[in-house]
Structures are given as structure tokens and as C-alpha cells.
Amino acid sequence: MNKKFLYAVVLGAAALAACTDDYKDWSEPKSVPQESPVSFGDGSVSSVGTIDFRTLEAEMVQVCNINAPTASVEGYAPEYKITLSTADNILEAATYDITPEGYMSADALQRYLEDSYGKRPEERELLGVLSVWQTSSAASIRMNDSQAFAIKAIPEAPEIEEVYYLTGNFNGWDNTNTDYALTNGGGDVYENPVFTVTFNAPADLTGDLEFKVTPASGIGGDWSKCLGSDEDNPGKFKYNNEGGNFVVAYDPDALFYRVTFDMMNMTWNAAALSFNEYIYEIGNESGWSTPHALRSPASDGLYKGYYYLDGQFKFKPNENDWDGDWEWLGDDRIGQGSDNCPDPGAGFYEINVDLSAMTYNLVTINQIGLIGDFNSWGGDVDLTYNTASGAWEVKGVELPKGGVKFRVNGDWAINFGGDVNGLTQDGPNISVSAGTYDISLILSTEGNHKAVFTETSGAGEQFSDFIYYAGSANGWSDSASPMAHEGAGVYRGWYYVLPDDGETTWGFKFVDGGWYGDAGDGKLSTEGGNINIAEGFYMLVADMANLTYEATPATIGLIGDATRNGWDGDTEMTFDTQLGCWTYTGELATGNFKFRANGDWTFNWGGDLTNLMNNGSDIHIEAGTYTIKFWPNCEGKAYATVE
């Protein structure tokens, strides 16, 4: 061989970067069957069968079978390396030592596999390329590279399902019951294997909670897949129904229990909680008449809400009574006292309460802005707070197609994104289509914040946030009965209607600057007469872009496992024409319920009783006899009281 060429090869080899694992005293290497060969100089390399790390115990694993190429440099010993990569270059290629028999470090292969594809125990494919080096005490020469060959492997990880259920003495050991669902909050269960459920302390149980955990695939009577407690290792669990019952110590003061499982590390824990999900602020800003919900999403005693304050205020645990209310004890402390919390000055605030420490604090919100792709996420378009509507508002914002969010005081410490009907702190970007928008943001509690983007660019027409239903049923008030804008000039409201009998009642019209009446065939016009339909409660829809209207008779019912008909049918409510609301008086069981219209799920209401949303979350209630009042449309929103 030409010495100059040999010297150049040696220098080139020295410049190559390689990732190697030091050899250990390997024992019992794992081998697998051979597949089709590829060329390796004048030798060959063949793939092996699928490597399953779930059953692999050896420190070395065979990834290929090597038929070595002929050595060409006298006095040099051959060494082999393998370069791993993926077909779509998910991860940068890496090079490792490999034996002449095709064995490499099992740990190194497992790490590269997980870094490329994650830990889900599914068969994955890597690409391998072998290189042979001729080495001596003075030099190392790269002689041959193989063609790429496939390495198939399954990562070592337990089979984690999407959801699990608690089955225990609090639900009659019913393996078909799905009331107590353990979830990871969404996303890949191997990226986030921590599953949690928080549930009400069982009212009829005065001893320890005992249970097992049933995966979704085992619901219906299959106990073989259950998780059980590892009784020899507290805080650990076993799969395949091998362990004993999980036990959570009974706490007579607990209102909730939270149970958490780490499915990857096979650990679990539980905590007794004594905090309700909601408490309430009430004060001078509403004439001491309207409680404002503060929410503790984790039921951990940390509550938050966003409201306008103007004068003194206090906190209370229950929406509809003053029992156990908390007054000011000086500084930021609250408890049983006689003084209201002092006036912080008229303004909008983030209100925080820590019931474990019995303290509160206020964060002044001087500004809320819109930020997003439209301004390259730099600077804010300011919204203005409207004390009459309770919303932060801005009009005529031109937006391209893209994402936006709301943030407070020009900073990301407080920001809102996600579903416009349930915005959350640090939620994802809100997707918008290109257009010009009037935007309103109503803040309340986590998961219940709401944003309305009303496109006004169509045909150059601008639509107001509300129009009004006015007729004999409300004394022809042009401002008492709002109908909220849903977009594209369409407004919806739920109201009681009196007919036009020509003597004592005179039907109704819609008010949007002018008075719009019946122009025939469902059309609206400022020249139209009073709208005359039969007396009753209706869902009213006015399309002010096309000047049409619809009136659909409506009934409201309760539905849920707290009602006598469960989730299979509605429990009727009665409309009270004096109060202007739907009412129900009767017994309810411990459980959940919602309101819905016309026995259908198209329009249903849940969530915070003070600001109910269509498709909102289930409303929880304890067993008892109640009077429930529901206003489907009051001041542009729905709300209810439970007494």
C-alpha cells in the first residue's frame, strides 16, 4: 500500500467522531434469528429478528450476523463499529462498538431507540451500517462499510392504557363502573405516564377506602389485568392482579380524595382533601347581591378568580348563604371576624385565596392585551374593560389567519389561550381565520373564561355584541332582554313570549338601533309589524345580516345521575312567569347534573352556576331536597341558583 495513501486514511479516520461504550465483562449475550444479508466489502451482514427489551436480561444483544470481509493490511487487527440512524432522521446518527459476532451494548441500543421513538412498547425500526477498521499500535484505518440493514426492536416499558378506573368498596366492587376514571390529562401516556383522579369523599363510607385499578380493556368483569398494591414495597404496585388491595386511610374531615399513579415507575400515592372546588367573593361592587366564584381546580385550597372590585368585600364558602363566611383579620389574613376586607380601589383584579394559610391577595390588572401572529408576538392590542357588560373589549382588529392569545399587564405571567368557551392559563394559541373582528373577553375562573370573536369584515358590516328582545312580556323594554351575537350577524336568546291579541298583549320585536318587526315569511324589517306567535317560552334567533328570524318552542329539563331519570332522560322543570326562570323543587341524589333544552344535547348548560356555558362541565351536587332556578338568558349569559 502506498504510504502516503495510508497516512491520509489514518488522518481521515482520526477526524471521524464516534460514540463508543466501554466493554464490560458481558455475560450471556442475547441472540436472535437471521434475516436476509446485505453486502459488507466481500463479506455480508444480515439482520436478525425483532429484539424485545421487555424480556431481554443480557447486557449485550445481537443486532446482526457478520460474515467478515477480507482483511487487506498485514499486521493490523480488525475492529467493528455500528452506526445507528432512522429512516426519517428523527435523531442524529450515533456510532457504537460492536463485536465480530454482531453484539452491541443493550443499554446503548435501548437508549437510542427511546430517544428516537419514545418508550411506547411497539416494534420500531432503526437502520444500521457496519464499518470495519484495521488497527495497530500506530494507526487505525477504515476499510469497508456495509450497506444499511434493518434493526427491529421493542422498547422495555409496561403496556399503559389510555384510561384506568378505580374499583373498590366505594362503588360496590363493580368492575363495570366507570365513575372513578384515572387519566393523564391527555397526550401520549408514555410521555406523561402520571394518572390522577380526584373524587368526592364517599358519604356512606366511614372506614378505609379499598380498591384495585382496572384498565379500560378490563372493564366489564375482567380482573386479570387489574393493578394491585405491592404489599412488600409501600407506594409501589403490581400489574396483572398480582398485588393486594390499595388502601387509603379514612379521614372524617375529607371532602375529596386524590389518587395518583405513575404507570411507568409503578408507584402510587393518595391524599385526603378538605376543600371544595369553589368558594365565593361578594361585596360592594354588586351591592352585596351577586357572589363571584373563585375556583380551586385541584381542590387543594388554592382559589383564583378574576373580577371587578369597587369597595369592601369578603369571602364565603357557599354560594347561596352566609354560613361560615370569612372576614378580614388584618394584613392579608382572613377568618372568623367582623370586618370586611378593605376597599382596594375600583378596578379589575386577580383574586387569590389560600384556605390552607387563610390568606388572600389581589393582583391589579391594569391592562389586558391581544398578541399573536398578527403582530409577530410583539406588543399588545389593548382591550378596554366595560363595567356594564363585565367584559374586556376591543373593536375592529384586523387579523390574518393564525394564532392569538390574551395576556395581562404586558407580561406572560398571566395569559389565556385554548378553547374560546373555556380559556385556561398558559393554554394553547387560539386559532382565528383572516378577518376584522370585534373581540370581547369575559374572565371568571380557570376553565370558564370566555372569548367572543365577532367577524365584522363581511360585506363591510359591523355587528353589535347584543340586540334586544322587546315585547309585552317585558314591558317593551329595549334593554332588559339581551340576545348575544354568535357571529356573522346571528343573535340567539331564550325568552317567554306573549301573543299579539290586539287587546292586552302585543307580541314583540327585535331592537338593534331600530325596531325590527315581522315583514312576512320570517323576514324582518323596520317597517314590519309586531311578531305574533302563541304564548310560551321560545328559543329566538335573529339573523341581522339577512334580516330573518326564527322562534322555536323550548322546554328546559335537568339531566344527570343526580336526577331520578339519570342520564337517560330529562327531569322536567316548570317556567315561572313571575320570576322569568325555569324552576324545579325536589330531591336529588349525590352526583352530577346539567340543564338542557328540548330533550336534546344541541343546547345544554354546565360549569360555573354564575356563568353557565353551552357544553359546560357537569355540575356536582350532594344528596338533598333543593329548589333550582335557571335563567337561560339573563344579561347575555345563563346562570342558576341552587337553594
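The values are calculated or read from the model by the stated rules, or taken from the named source; none is laboratory data. Everything numeric in this text was worked out from a predicted model, so none of it was measured. Don't worry about glycine lacking a Cβ; one is built from the backbone with ideal geometry, like all the others, and counts go over all protein chains shown. Accessible surface areas use protein heavy atoms only, side chains included; no ligands, DNA or RNA. Shrake-Rupley method; radii C 1.70, N 1.55, O 1.52, S 1.80 Å.
Give the residue, chosen from N429, N448, N415, that is modelled with pLDDT of 95 or more and under 18 Å from the mean Cα position of the chain (by Cα). Break it down into steps so the answer makes sense when it comes.
Details: N429 fails: modelled with pLDDT of 95 or more; N448 fails: modelled with pLDDT of 95 or more.
Result: N415 is the single residue among N429, N448, N415 that is modelled with pLDDT of 95 or more and under 18 Å from the mean Cα position of the chain (by Cα).
Within the range 574-608, work out how many residues are of a type in the set (A, V, I, L, M, F, W, C) and out of contact with any Pro (no Cβ under 9 Å at 6 or more places or on another chain). Steps first, please.
Let us first name the residues in the range 574-608 that are of a type in the set (A, V, I, L, M, F, W, C), namely 575, 579, 581-582, 588-589, 593, 595, 597, 601, 603, 605.
Restricting the remaining residues to those that are out of contact with any Pro (no Cβ under 9 Å at 6 or more places or on another chain) gives 575, 579, 588-589, 593, 601.
Number of matching residues: 6.
Closer than 30 Å to A181 by Cβ and at pLDDT 90 or above, is that true of Y103?
Criteria not met by Y103.
Residues to consider are D115, D145; find the one that is surrounded by fewer than 18 Cβ atoms within 10 Å (Cβ to Cβ), of a type outside the set (A, V, I, L, M, F, W, C) and more than 37 Å from the chain's Cα centre (by Cα).
Values: D115 fails: more than 37 Å from the chain's Cα centre (by Cα).
After applying the criteria, what remains is D145.
Condition first: touching a helix residue (DSSP H, G or I) at 6+ places or on another chain (Cβ under 6 Å) and open to solvent by 40 Å² or more (accessible area, probe 1.4 Å). Now tell me which residues in the range 309-339 satisfy that. Please lay out each step first, then the result.
Taking the range 309-339 as the starting set, the residues that turn out to be touching a helix residue (DSSP H, G or I) at 6+ places or on another chain (Cβ under 6 Å) are 309-312.
D310, Q312, listed by residue number.
Is it true that A254 is small (G, A, S) and either without any contact (Cβ under 8 Å) to a residue 12 or more places away in the chain or outside any strand (DSSP E or B) (or both)? Break it down into steps so the answer makes sense when it comes.
Values: small (G, A, S): yes; either without any contact (Cβ under 8 Å) to a residue 12 or more places away in the chain or outside any strand (DSSP E or B) (or both): yes.
So A254 passes the test.
Counting only residues that are more than 30 Å from S433 (Cα to Cα) and of a type in the set (G, A, S), give me the strands (runs of 3 or more DSSP E) lying completely in the range 451-540 with at least 1 of them. Don't jump to the end; show me each part of the working.
On the way: elements: 466-471, 482-487, 490-497, 508-512, 514-518.
Qualifying strands (runs of 3 or more DSSP E): 466-471, 514-518.
Sort through D501, D518 and tell me the only one that's at pLDDT below 90, more than 20 Å from N614 (Cβ to Cβ) and either open to solvent by less than 30 Å² (accessible area, probe 1.4 Å) or among the charged types (D, E, K, R) (or both).
Working: D518 fails: at pLDDT below 90.
Within the list D501, D518, the selection yields D501.
Looking at the range 425-444, which of its residues are part of a strand (DSSP E or B) and open to solvent by less than 40 Å² (accessible area, probe 1.4 Å)?
If we filter the range 425-444 for residues that are part of a strand (DSSP E or B), which is where we start, we get 425, 430-432, 435-442.
Of everything in the range 425-444, those that are part of a strand (DSSP E or B) and open to solvent by less than 40 Å² (accessible area, probe 1.4 Å) turn out to be I430, V432, G435, T436, Y437, D438, I439, S440, L441.
For A542, state whether it is open to solvent by less than 30 Å² (accessible area, probe 1.4 Å), farther than 30 Å from F453 by Cβ and within 42 Å of the chain's Cα centre (by Cα). So that I can check it myself, show each step before the final result.
On the way: open to solvent by less than 30 Å² (accessible area, probe 1.4 Å): yes; farther than 30 Å from F453 by Cβ: no; within 42 Å of the chain's Cα centre (by Cα): yes.
So A542 fails the test.
Only one of (1) in contact (Cβ under 8 Å) with a residue 24 or more places away in the chain; (2) of a type outside the set (F, W, Y); (3) open to solvent by 20 Å² or more (accessible area, probe 1.4 Å) is not met by G403, so which one is it?
(3)
Identify, by number, the condition in (1) open to solvent by less than 20 Å² (accessible area, probe 1.4 Å); (2) modelled with pLDDT under 95 that G390 doesn't meet.
Result: G390 fails condition (1) only.
If the requirement is being open to solvent by less than 20 Å² (accessible area, probe 1.4 Å) and under 28 Å from the mean Cα position of the chain (by Cα), which of these qualifies: A298, A293, A270? Write out each step before concluding.
On the way: A298 fails: open to solvent by less than 20 Å² (accessible area, probe 1.4 Å); A270 fails: open to solvent by less than 20 Å² (accessible area, probe 1.4 Å).
Matching residue, one of A298, A293, A270: A293.
Restricted to the range 365-385, and to residues that are in contact (Cβ under 8 Å) with a residue 40 or more places away in the chain and part of a strand (DSSP E or B), which residue is farthest from Y306 (Cα to Cα)?
Among those that are in contact (Cβ under 8 Å) with a residue 40 or more places away in the chain and part of a strand (DSSP E or B), it is G372.
Would you point out the residue of the range 601-643, among those that are β-branched (V, I, T) and open to solvent by less than 70 Å² (accessible area, probe 1.4 Å), that is nearest to the chain's Cα centre (by Cα)?
Going through the range 601-643, the residues β-branched (V, I, T) turn out to be 602, 610, 619, 621, 625, 627-628, 641-642.
With open to solvent by less than 70 Å² (accessible area, probe 1.4 Å) added as a condition, the list becomes 610, 619, 621, 627-628, 641-642.
On the way: T610: 22, I619: 18, I621: 23, T627: 32, I628: 29, T641: 27, V642: 28 Å.
Per the stated criteria, the residue is I619.
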